[in-house]
Structures are given as C-alpha cells and as structure tokens.
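The values are calculated or read from the model by the stated rules, or taken from the named source; none is laboratory data. Note that the structure is predicted; figures quoted are calculated from it, not measured. All Cβ positions, glycine included, derive from the backbone under ideal geometry; neighbour counts span all protein chains shown.
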Amino acid sequence: MTAAHIHTHTACTHCGDDCPEQPIVLHDKPFCCQGCKAVYELLEANNLCNYYSISEEHPGQKIKEVELPGRFDYLDEESVQAQLLSFRSDKLARLTLTLPQMHCASCIYLLENLYKLNPGVSESRVNFLRKEISLSYVPSETSLKEVVKLLAALGYEPQITLAELGAQPNHGSRAIYYKLGLAGFCFGNVMLLAFPDYLSFTDELAREFGRFFGYISLLLSVPVLLYSAQDFYRSAWAGIRQRYINLDFPISLGLTALFGVSTYEVLSGTGAGYLDSFTGLVFFMLIGKWVQQRTYDALRFDRDFTSYFPVAVTLLTKDGEKSVSVKDLQVGHRILVRNQEVIPADAMLMRGTGQIDYSFVSGESVPVAKVAGEVVYAGGRQVGEAVELEVVREVSQGYLTQLWNNPTFQKAEKQTLETYANKVGRYFVAATLLIAAGAVAYWLPRDQQMMWRAFTSVLVIACPCALSLATPFALGSALTAFGRRKFYLKNSAVAETLGRATTIVFDKTGTLTDVKQSAVEYLGPALTLREQQAVAAVVRQSTHPLSQRLAQELPHSPFAVADFVEVPGQGLRGTVDGLSVKVGAAAFVGASPTAAHTSETSDNMQSRVYVSLNNDLGGCYIFRNVYRQNLREVLADLGTRYRLAVLSGDNDTEQERLRELFGPKAELRFRQTPQNKLDYIAELKRQGDTVIMIGDGLNDAGALQQADAGIALTHTLSNFSPACDAILDASSFGQLNTFLKFTQDCLQVVLATFVLSFIYNGIGLGLAVQGKFTPIVSAILMPISSLSVMLFATLLVRLAAYQRKL
C-alpha cells in the first residue's frame with residue numbers, strides 16, 4: 001500500500017463517525033456530511049455548543065442527507081393533529097413525542113433548550129427513561145410540522161404512529177460491551193506477558209524476553225487507553241470545561257499516572273511498568289460501571305409510579321352513577337364531571353355548560369366556555385355546574401401525572417438530604433485529590449513503586465457517588481410501599497418532608513368525620529317534591545362531602561341547573577326550574593344560626609346545612625357526625641409526637657367532643673374561611689414549624705398548597721388537585737401514624753447509608769494511602785461501594801415496610 005492510499009480516520013465533530021478523506025471543515029472542525037455541519041451551525045448560532053461538552057460520548061446523531069420534500073406535510077392535517085395533540089387552544093398546544101435517538105445528557109440539554117432554536121416553543125421537558133419529550137408551543141408562532149422538522153434536523157426525528165404504543169425497551173448502547181471486550185482481551189494478554197515478573201524461577205526468561213514482552217504489553221495497552229478508557233477522560237474533560245471537578249477526574253488522573261510511568265519504564269528499560277494494573281483497572285471499572293447500571297435499573301423504583309394512582313371519575317351507567325378508576329374508562333363511556341373536578345380524558349361535551357379552567361395545563365386560570373358538541377381536553381377543570389361528557393380518547397394517567405407535577409404548582413425548594421449529599425460529594429473529590437497528593441509526598445522519598453500504587457489506589461477507590469444514591473433509593477422505595485397502601489405521594493421529597501414534620505393540621509368535615517356514614521335529618525317547613533328535586537339538582541353539582549351525602553338522600557332530579565356558583569367554605573347557589581336555590585352555611589343563605597334549632601340543640605354531634613328557596617328560608621339538614629374509625633387511636637398516638645390543630649368551617653358546637661379527642665394542647669379553630677386556614681398555616685411556618693395539612697382537597701386547596709406537605713383525604717380520589725402533595729384514600733386513614741413513622745424510618749435509613757458510605761471510604765482510603773491495595777483491587781471495590789449502598793438502602797426500607805406491615 002502506498003503512502004497515497006493511507007488514510008487517517010478523523011471523527012466527525014458532531015456525531016463521531018469517520019469522516020471521508022476530504023472532510024467538510026468549518027472553523028477548523030471536521031464534519032462527515034452537510035447534515036452534521038448544518039446542526040453544528042444551528043447550535044453555534046444560538047450559543048448551544050455546550051451540547052458537545054456535556055456528554056461522555058459524541059452526543060450527536062448522524063443526520064440523513066436525503067430529505068424527501070413534503071414528508072411532514074401530513075402533520076398539517078386537522079385529523080392528524082386531533083390525534084397527536086393532548087391540548088390545543090389559540091395560545092397553546094401540547095403533545096408528547098417518542099424520540100428513540102435520545103441517549104445521553106447532551107440530548108437532554110439540547111431538547112430542553114428547543115425554545116432557543118424556535119421561539120414558538122414555550123416549553124420542552126424530557127422523560128429520559130421513556131425517551132419522551134413533552135412539548136408546548138404557540139400555534140400563532142409555529143406549527144406542529146415546524147416543531148417536528150426542527151427535531152428531525154437535530155437528529156431526533158420523532159417516532160410518530162397514530163396507534164397507541166407501549167413503552168419501548170431500552171437496551172442501551174452497545175459501546176460499553178465493545179469497550180469491555182477490548183479491555184478484557186488486552187488485560188488477559190498483558191497478564192500472561194507479565195508472568196515472568198511475578199515468578200522468581202523465571203528470572204532468566206524475564207531477562208531474555210522482558211523488553212520484548214514490555215513492548216507488546218505497551219502495544220496492547222494503547223487501545224485500552226484510547227478506546228476503552230475514553231469515557232472516563234471525556235467525562236473528566238467535560239467537567240473541567242464546566243469548571244467542575246467530577247468523580248471521573250481523579251480516576252482519569254490515576255489512569256494517566258499508571259500509563260505514563262509504565263510507558264517511561266518500558267521505553268527506558270528501567271522496569272516492567274504497571275501495564276497489567278492499568279489494563280485490569282480499566283477492565284474492572286467498566287465491569288463495575290456495567291453492573292452498577294444493570295443493578296440500578298433492576299432496583300430502581302418506578303419513577304412514574306404515580307401513573308397508576310387510581311384517580312376516580314363518576315361513570316354514568318344504566319344502573320345509575322358509579323365511581324370507577326380512570327384506567328377503566330373506555331372510548332364511548334359517559335361520565336359526570338362536577339364543579340372543580342378534573343376532566344381525566346379528552347371528551348365531547350354532551351350536556352351542560354362547560355366552563356373549563358385549563359390552569360393545570362397552561363397556567364392560565366381564565367375559564368374557557370364550551371357548549372354541547374365541543375371537545376374538551378384532559379386536564380381541564382370544570383368550574384360551575386356538573387357536565388356530562390363522552391370519552392373520545394383513552395385515558396393517559398401518565399399525562400395526569402404530568403399535570404400533578406406541573407412546575408407551576410411546585411413549592412419552593414428547600415435543602416434536602418439529597419442536596420446535602422451532592423454538596424458533600426464535591427468536597428469529597430477535592431479531599432481525595434489532597435489525600436492522593438499527600439500519599440505521593442510521603443512515599444516519594446521512601447519507595448517510588450509504593451508511591452504509584454498508593455497514589456492510583458486512592459484516586460480509584462474513593463466513591464462519593466454512594467452518597468448521592470442513598471436518598472433516591474431509600475425514599476423511592478418508600479413511595480412504592482405507600483402506593484400499595486393507597487397513599488400516593490407526588491415525589492420522594494414529600495416523603496422527606498413528612499418525616500421532618502412537627503405540626504399536623506386537620507380539616508373537620510370529610511376529614512375527621514366520615515360523612516358517608518352520617519344520618520341525615522331535615523328540620524323546618526316541609527319541602528315539596530319539586531323543591532327537594534331543586535335542592536338535589538344543586539348539591540349534585542358539588543364534590544363537597546356534605547353535598548354528596550345530601551344528594552344521596554334526596555330524590556333524583558330531572559332538572560338542569562343554571563347560574564351555578566360554589567363559594568368555597570360557604571355554600572352553593574343556582575337556578576332550577578325557576579327556583580333560586582341556596583344551600584350552605586346559615587349566613588350564606590340569610591338565616592339565623594338558631595332559626596332551625598329545636599330540642600336537639602344540646603346535641604353537638606352534628607353539622608347543619610341550610611336551605612333557602614327564592615330567598616325564603618326553607619329549613620336545614622342536620623348531619624349526625626360519625627367520626628372515622630380508629631380516629632381516637634390515631635390522634636392519641638399523633639398527639640405524643642406532633643403539635644395538632646383543627647381548622648373547621650363549621651361552628652363550635654362540637655368543640656367539647658374535639659377537645660376530648662385531641663387533648664388539651666391542641667388548637668381548635670371554628671368558622672374558618674379558606675383564607676383563614678391559609679393564613680394560620682403561613683403563621684405556623686413563620687414560627688419555624690414544618691406543617692402537614694390534611695383536608696378534602698377542595699375547600700382546603702389554599703391551605704394544602706401553603707403547607708409544607710398537603711394531604712388530600714378522599715373516598716373516591718376524585719378531588720385530583722395540584723395543590724396537594726399526596727392523596728390518601730379514606731380507607732387507609734387508620735394507618736396515618738404508621739405512614740408517618742415509616743417516613744422517619746426512611747430518613748434513618750438514609751442517614752445510616754451516609755454513615756456506611758463514610759466508613760467505607762474512610763477505611764478504603766486509609767488502606768489505599770498505605771499501599772495495602774493494588775489499583776486492580778481498588779477498581780473492584782469502587783463499584784461495590786455503590787452497589788452496597790443501593791442494596792443497603794433498598795433492603796432496609798423494605799424491611800422497615802415489612803415491620804410496619806406496609
């Protein structure tokens with residue numbers, strides 16, 4: 001072969017593929033094709049070239065050079081958009097797309113910065129595990145076709161099928177297998193060549209073949225350095241470019257030291273070097289990386305576990321209304337959505353007047369008017385009278401989960417165990433470098449061979465990543481245990497907040513009391529059938545526990561409701577068949593609190609709902625309150641560990657009963673408006689308390705949002721609200737003590753895991769700095785520390801759950 005035919009392979013700056021003999025050059029950077037060059041120019045023009053410095057590998061995907069004209073024109077079709085978009089208005093459109101090409105941190109960085117490339121894109125959020133991107137864009141500024149074309153131009157052409165697709169398995173990159181195989185092959189051969197150095201009876205063989213074996217070992221080590229170990233170097237360099245020293249920096253430093261010293265000794269003939277240690281180090285670290293990732297995938301809790309919480313909806317059947325989980329809804333089902341309830345699936349409005357609040361989706365709370373025959377999108381919340389809808393698209397609980405985790409409704413971030421662990425990790429790397437430098441300074445005048453062993457072992461064995469794994473694994477496992485007991489938390493940070501709580505505030509009606517079991521009695525002037533049906537029509541619109549209980553007692557109403565309004569904490573009003581109906585508190589309907597009292601006034605185990613028809617006082621419904629089963633035991637236990645309070649919108653007729661249940665130290669407040677509740681919790685937080693608020697999720701929405709952790713207690717899980725941080729099924733109320741104790745157990749597990757990690761690193765570094773470990777042993781022990789933390793945290797949490805019978 002002549003020199004003219006020799007071609008040195010040059011990697012494309014964007015995708016990493018081999019460039020042709022005459023690469024396309026831009027700013028002294030080679031590209032394999034015009035597509036890759038075009039993407040680089042696009043990113044450079046928008047100051048997004050950090051994309052190339054984040055990933056450990058070449059982040060770019062090779063761009064297809066052949067672009068069929070008009071291949072995305074079908075996305076302009078109205079019928080196609082109707083199937084792909086999860087929400088659409090004049091100001092906002094949302095959809096979720098699958099991007100199989102997504103593979104590294106750089107992809108996430110670029111995809112979440114799409115708004116810089118197309119100003120019409122308002123938001124883009126990546127779910128890396130599912131390889132999905134949730135996009136929001138402004139239809140007046142861009143189109144679905146333009147957004148998809150942009151993704152395709154960047155190398156992330158969406159996998160668009162109009163059929164519902166299941167989650168695609170992620171088999172990961174094969175590159176690690178190639179690197180592992182190469183490192184293993186070279187390590188095995190270098191070890192064979194190094195045998196004369198380890199066996200005393202081969203001294204003559206070593207003298208005769210030592211230099212030759214050294215050259216072969218060096219030759220075998222070069223591809224290990226340039227290919228198998230490149231991930232560690234790229235990651236370290238990316239960290240340096242971002243002015244951050246990551247874990248791969250000391251590892252890369254150790255590898256460089258081993259290879260550099262070995263090369264010098266082999267070429268100068270002064271020794272055999274440490275090439276067996278070098279290749280073995282890379283081989284075992286790659287094994288650790290592979291095993292660690294596999295174990296992480298196997299043990300991790302499902303990040304999308306909340307996709308399966310059974311948000312309920314009222315299904316209309318031939319036999320009447322029935323509460324079912326949204327996952328059981330099918331296209332064609334007729335559902336009833338009351339005031340403040342969330343629409344769980346795209347549906348067509350069949351009956352009633354829709355006033356849809358899309359703040360869950362768009363952040364704007366101005367209701368959008370809808371009439372019969374129009375489509376309403378999942379995630380909207382009905383404001384006003386109950387409406388009947390027919391499902392036109394199957395439910396995506398994953399979409400409802402996105403709404404629940406909408407950043408608009410997230411609380412201010414606080415310092416968490418995970419945050420502290422990450423901060424400690426940064427200092428840990430710096431301390432590791434200082435210890436390694438100290439080892440060099442100590443051993444240099446005493447034993448240079450021991451110096452290199454100690455230096456490399458210290459750099460390799462240190463593993464602060466174990467600290468960062470403790471919190472997500474422990475609390476993540478806790479979320480799974482809670483979900484099995486019908487206690488659904490928004491994220492792991494909520495579990496940590498529950499474990500740190502000092503004060504618990506309860507709503508009364510529907511929280512402490514079980515409205516479904518209460519007896520209902522009417523006092524006052526008798527109501528005609530028409531008047532009872534009018535009242536029934538109004539209360540049927542509300543999700544308030546007393547309204548729902550009253551609707552069960554009254555005769556079915558064939559009448560529609562006009563001008564329906566619900567005033568949180570006060571009552572309901574509307575016009576039914578010509579009658580102006582008000583239902584609620586005495587002041588709301590214009591009655592005196594004593595107007596309907598009879599000889600039962602001494603009975604303080606009751607709640608009252610007053611009625612007026614055409615502004616004439618009708619009477620009141622008395623609900624004989626039945627407190628929840630096990631309430632006394634729950635409160636007795638909580639009272640020993642927490643500051644307790646009750647905020648009730650009712651009057652103080654039950655003060656004595658509540659004082660008996662809550663004890664002398666609890667604070668009881670009555671006639672509280674939603675604003676009063678919110679202000680009270682804000683004051684507790686100003687005093688330094690960590691507050692849990694437990695309410696019904698509707699009248700208490702402001703208080704739930706204000707509290708450090710808001711828990712919505714419900715029988716049907718229909719009060720789906722972003723204001724709450726957790727949803728507790730009423731059937732699990734008796735386990736509230738157990739849940740809170742379990743969160744404290746989990747925090748103890750996290751702290752124990754921190755201690756384990758520090759002990760491991762302390763012992764490991766102590767022995768490494770003395771030269772007790774070879775670099776190969778250090779490489780084996782490093783991933784074991786991470787695996788031990790993951791297993792330790794997961795198993796201890798599961799043990800705690802078992803002991804708590806969760």
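Observations on the model:
- Residue within region 527-535 that is touching a strand residue (DSSP E or B) at 6+ places or on another chain (Cβ under 8 Å), crowded, with 22+ Cβ neighbours inside 10 Å and of a type outside the set (S, T, N, Q) present: yes
- Meets criteria (within 17 Å of residue 483 (Cβ to Cβ), buried (at least 19 other Cβ atoms within 10 Å of the Cβ) and modelled with pLDDT under 85) for residue 743: no
- Only listed residue being surrounded by fewer than 21 Cβ atoms within 10 Å (Cβ to Cβ), more than 29 Å from residue 586 (Cβ to Cβ) and without any contact (Cβ under 8 Å) to a residue 24 or more places away in the chain, chosen from 659, 671, 686: 686
- Residue among 723, 707, 730 that alone is touching a strand residue (DSSP E or B) at 6+ places or on another chain (Cβ under 7 Å), at pLDDT 85 or above and not acidic (Asp, Glu): 707
- Taking every residue in region 436-459 that is within 12 Å of residue 768 (Cβ to Cβ) and pairing it with any residue that is aromatic (Phe, Trp, Tyr), at least 6 positions away or on another chain, the pairs with Cβ-Cβ distances below 6 Å are 436/455; 439/455; 450/443; 454/443; 457/773.
- Looking across region 437-465 at every residue that is farther than 14 Å from residue 767 by Cβ and among the small types (Gly, Ala, Ser), the one that is surrounded by the fewest Cβ atoms within 10 Å (Cβ to Cβ) is identified as 441.
- Single residue of region 353-373 satisfying the filter (within 13 Å of residue 94 (Cα to Cα) and part of a loop (DSSP other than H, G, I, E, B)) that is modelled with the highest pLDDT: 358
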